[in-house]
Amino acid sequence: MSRTPIIAGNWKMFKTGSEAAAFVNEVKQAAANVQGVEAVVCAPFTALPALVEAAKGTSVGVGAQNMHWEESGAYTGEISGPMLVDLGVKYVILGHSERRQYFAETDETVNKKTHAAFKYGLTPIVCVGEKLEEREAGSTKEVCRVQTLAALEGLTAEQAAAVVIAYEPIWAIGTGKSSTAEDANEVIGYIRSVAADKFGGETAAKIRIQYGGSVKPANVREFMSASDIDGALVGGASLEPASYIALVEGARA
Ligand code: 13P
């Protein structure tokens, strides 16, 4: 089963609309030259209109970093799926550990948002991963199993096959301390087996599972050469055009 690798930049709370547009103008040519890799940038809501405009006709996909599960309603400060779709956004990161930690995101809300993403035609990038104390307690796989099953609960096999999962061990995010490729591959293989138990092996073999946590141009190839790792979700190293291009090139099959 061949899965198209996907490199997604998660810009977190960085870049204005004009900075986002300038970024795409710098990377679009190089991104177009890399065949066989899906290149995505996930930007703050305010940068999305300019980003979508700049990315039109290029091979760079645009994603948001969160959304509400309802179509509309009295939810001050929230953004819905149809609002993102109306802009031309195609992807949405859901359940990032920073949202779980600082903004009370739970497995239940991640599941609701995953369903909403499919309802409105967005590709969800669902984040799972253990905290340092969970790793030290030996519960990495259990944490990932629970989070993965909760996020995918109630999806059809066809939807599950289209989910992108990002395995991001929390202790590796923004710390410069990445997991080893071997370790990440083992956890990601396990996540795939959890999906296989629920949806069947054929479906699980289609799910793209990224690694995230201190991925850089210098280590991306190592992760990408692992059998079960289908790309990366990258924070800090996705902010500079040259570094982003190197990541996309490094993901080439
Ligand atoms: P860093 O690449 O900065 O470690 O961030 C990873 C991350 O959180 C991507 O979602």
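The values are calculated or read from the model by the stated rules, or taken from the named source; none is laboratory data. Given the structure is predicted, the values throughout are model-derived calculations rather than measurements. So basically every Cβ, Gly included, is an ideal-geometry build from the backbone, and we count neighbours across all protein chains shown.
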* Asked: Is it the case that some residue within the range 145-155 is within 16 Å of the chain's Cα centre (by Cα), within 16 Å of the ligand (Cβ to nearest atom) and within 16 Å of Lys198 (Cα to Cα)?
  -> yes
* Qualifying positions in the range 136-154 - surrounded by fewer than 21 Cβ atoms within 10 Å (Cβ to Cβ) and modelled with pLDDT of 95 or more -> Ala137, Gly138, Ser139, Lys141, Glu142, Val143, Arg145, Val146, Leu149, Ala150, Glu153, Gly154
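Residue-wise test of (1) at pLDDT 95 or above; (2) more than 16 Å from Ile6 (Cβ to Cβ).
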residue	(1), (2)
Val163	yes, no
Thr175	no, yes
Glu182	yes, yes
Phe223	yes, no
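Here's the yes/no breakdown for (1) within 14 Å of Ala150 (Cα to Cα); (2) within 16 Å of the ligand (Cβ to nearest atom):
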site: Leu94; (1), (2): yes, yes
site: Glu98; (1), (2): no, yes
site: Phe103; (1), (2): no, yes
site: Asp107; (1), (2): yes, no
site: His115; (1), (2): yes, no
site: Lys119; (1), (2): no, no
site: Cys127; (1), (2): yes, yes
site: Glu130; (1), (2): no, yes
site: Arg135; (1), (2): no, yes
* Might you let me know whether the range 104-112 holds any residue that is under 24 Å from Glu70 (Cα atoms), in contact with a Lys or Arg (Cβ under 6 Å, 6 or more places away or on another chain) and either free of Cβ contacts under 8 Å to residues at least 40 places away in the same chain or not basic (Lys, Arg) (or both)? => yes
* To do: Please work out if Val89 is among the hydrophobic types (A, V, I, L, M, F, W, C), more than 16 Å from the ligand (Cβ to nearest atom), outside any helix (DSSP H, G or I) and in contact with a helix residue (DSSP H, G or I) (Cβ under 9 Å, 6 or more places away or on another chain).
  => yes
* Structure fact -> Checked against (1) free of Cβ contacts under 8 Å to residues at least 24 places away in the same chain; (2) of a type outside the set (D, E, K, R); (3) surrounded by fewer than 16 Cβ atoms within 10 Å (Cβ to Cβ), Met83 satisfies every condition except (3)
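Residues are listed down the side, and each one gets a yes or a no for (1) in contact with a strand residue (DSSP E or B) (Cβ under 9 Å, 6 or more places away or on another chain); (2) farther than 20 Å from Ala232 by Cβ; (3) assigned to a loop (DSSP other than H, G, I, E, B); (4) not polar (S, T, N, Q):
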{"residue": "Phe23", "(1), (2), (3), (4)": "yes, no, no, yes"}
{"residue": "Ala30", "(1), (2), (3), (4)": "no, no, no, yes"}
{"residue": "Val41", "(1), (2), (3), (4)": "yes, no, no, yes"}
{"residue": "Leu51", "(1), (2), (3), (4)": "yes, no, no, yes"}
{"residue": "Ala54", "(1), (2), (3), (4)": "yes, yes, no, yes"}
{"residue": "Gly61", "(1), (2), (3), (4)": "yes, no, no, yes"}
{"residue": "Asn66", "(1), (2), (3), (4)": "yes, no, yes, no"}
{"residue": "Gly73", "(1), (2), (3), (4)": "yes, yes, yes, yes"}
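Residue by residue, here is whether (1) within 16 Å of the ligand (Cβ to nearest atom); (2) part of a helix (DSSP H, G or I); (3) among the hydroxyl-bearing types (Ser, Thr, Tyr); (4) more than 15 Å from the chain's Cα centre (by Cα) holds:
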residue: Gln159; (1), (2), (3), (4): no, yes, no, yes
residue: Asp183; (1), (2), (3), (4): yes, yes, no, yes
residue: Val187; (1), (2), (3), (4): yes, yes, no, yes
residue: Lys198; (1), (2), (3), (4): no, yes, no, yes
residue: Lys216; (1), (2), (3), (4): yes, no, no, yes
* Asked: Could you list, in sequence order, the residues of the range 99-118 that are outside any loop (DSSP other than H, G, I, E, B) and surrounded by fewer than 21 Cβ atoms within 10 Å (Cβ to Cβ)?
  -> Arg99, Arg100, Gln101, Tyr102, Asp107, Glu108, Thr109, Lys112, His115, Phe118
* To do: Would you tally the residues in the range 161-181 being buried (at least 23 other Cβ atoms within 10 Å of the Cβ) and more than 15 Å from the ligand (Cβ to nearest atom)?
  => 1
* To do: Return yes when Thr76 is loosely packed, with under 15 Cβ neighbours inside 10 Å and either touching a residue at least 60 places away in the same chain (Cβ under 8 Å) or within 16 Å of the ligand (Cβ to nearest atom) (or both) and no when it is not.
  => no
* Assuming Thr140 fulfils every condition listed in (1) within 25 Å of Glu71 (Cβ to Cβ); (2) more than 14 Å from the ligand (Cβ to nearest atom); (3) among the β-branched types (Val, Ile, Thr) apart from one, which condition is it? -> (1)
